[in-house]
Amino acid sequence: MKILSFTKHAIALSVSKPLIAAGFLAFGLMAQPAQAALTFNFNYLSPGQGFDDPTFGADRKAALNDAANALGAYFSSYTANLVYDVTSYSTDNSTLASAGSSTFEVPGTFQQTFAQSKILSNGNDANGAAADGVINWNFFHDWGLFDTVGANQLDFKSTAMHELLHSFGFSSYIENGGVDSGIQPGNQATWLTYDKFLTDAAGNRLVSDDGIFDPSKVAALTDGTENAAGVFFSGENALAATNGTGIAVYSPNPWVDGSSIAHLDDNSTATNTSIMNAAAHNTGLDTRTLGSLELAVLKDIGYTQVAAVPVPSAVWFMLSGLVGVLGVNRRRKTA
Ligand SMILES: [Zn+2]
């Protein structure tokens, strides 16, 4: 087994089974199919602190559920219950949080994370009773929970959505120098699905179909400090969303462990306000929605049913009313 980001905890987990609502409605009525949805179970494993802080813990847990549900809304065509081991700490450094989901290790292949395969198979659990992913949160920082984020606070919801997306497979196994778990470029290694779609700026793949990192592409990994250079995500949907250029991937020089390649490019103007940038966009309210580029990446890595979250109907009605009024006013002025 290959661990993404973290060592797993050897703690027995209780995985809740999905409730199956069986039975008939009244004769003559069609039973409505159960609505597809992602659900989340979080196992909190840092007693007395962080998410289990006696004062702040309840709100932090509620905020994590809120963020998970906001992300899950984009995946509402899928049905899976995702189980995460959640830990926390408080350290004065620039790390805000991290997360991941493991895979099988099969050199020469591109693997889905366990969370990803569970979603894409609508609930099939490739790693059995073990948690599907891990989240580790740094509560040294001042976090704004829910919809109020102070000018000096970091946006919890944006960060939590970002971290969960990593566990969904929006991440890379490529390490500095094109290495993977000690395997050098030119040899078969185990990669994530995401890695299959990475290219240099000319559109040439970094990792071949048989799982070999091309030694001639090592330089591209740290060539992306400017626009239109470095590494790109060049799946079919990504190319369609970018007029064929591909989506810029974070590939700064020098390499940044834990950030390079696994994020959209903080240094490119097309991608630098993305929820999947390596760094948070300063303090205060941050990006909380998936843009067309993230959706393209997600479609390319297998989530073909992922969709922008529709505006709630009541809000939509108000907006369309407003647009109508503005349109009328404008017509009147120009008539
Ligand atoms: Zn990240």
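What follows is calculated from the coordinates using simple rules that are stated; it is not laboratory data. Because the structure is predicted, anything quoted here is derived from the model rather than measured. Please note: Cβ atoms are built from the backbone with ideal geometry, for glycine as well, and neighbour counts cover all protein chains shown.
Quick look at the numbers
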item	result
Taking all pairs of distinct alpha-carbon atoms in the stretch 104-196, Kirkwood radius in angstrom	15.5
Gain in span if fully extended, Asn176 to Thr245, counting 0.36 nm per residue against the direct Cα distance	22.4 nm
Binned Cα-Cα distances of the stretch 169-214, short to long, each 5 Å bin given as a whole percent	5, 26, 35, 26, 8, 1
For the stretch 163-171, 3J(HN,Hα) per residue [Karplus equation, 6.51 cos²θ - 1.76 cosθ + 1.60, θ = phi - 60°, Hz, x = Gly/Pro]	5, 4, 4, 4, 5, 6, x, 7, 6
Phe56 versus Ala228: modelled label distance in nm, points set 7 Å from Cα along the beta carbon direction	4.5
Span from the the stretch 190-206 Cα centroid across to the the stretch 248-313 one, whole angstrom	17
Distance between modelled label sites at Asn282 and Asn152, nm, 7 Å Cα→Cβ extension	1.6
Charge sum, other residues only, whose C-beta stays under 14 Å from Phe156's C-beta, Lys/Arg counted +1 and Asp/Glu -1	-4
For Leu192, residues with placed amide H under 5 Å, excluding near neighbours	Gln111, Tyr173
Sorted peptide list for 208-215, 62-69, criterion being average Cβ within 10 angstrom, highest first	62-69, 208-215
Long-range amide H partners of Asn81 with built H, under 5 Å	Thr39
Label-point separation, Phe104 to Ala219 (7 Å along Cα→Cβ), nm	3.8
Out-of-range pairs (alpha-carbon distance over 32 Å; input Lys61/Lys196; Lys118/Lys157; Lys157/Lys217)	Lys61/Lys196; Lys157/Lys217
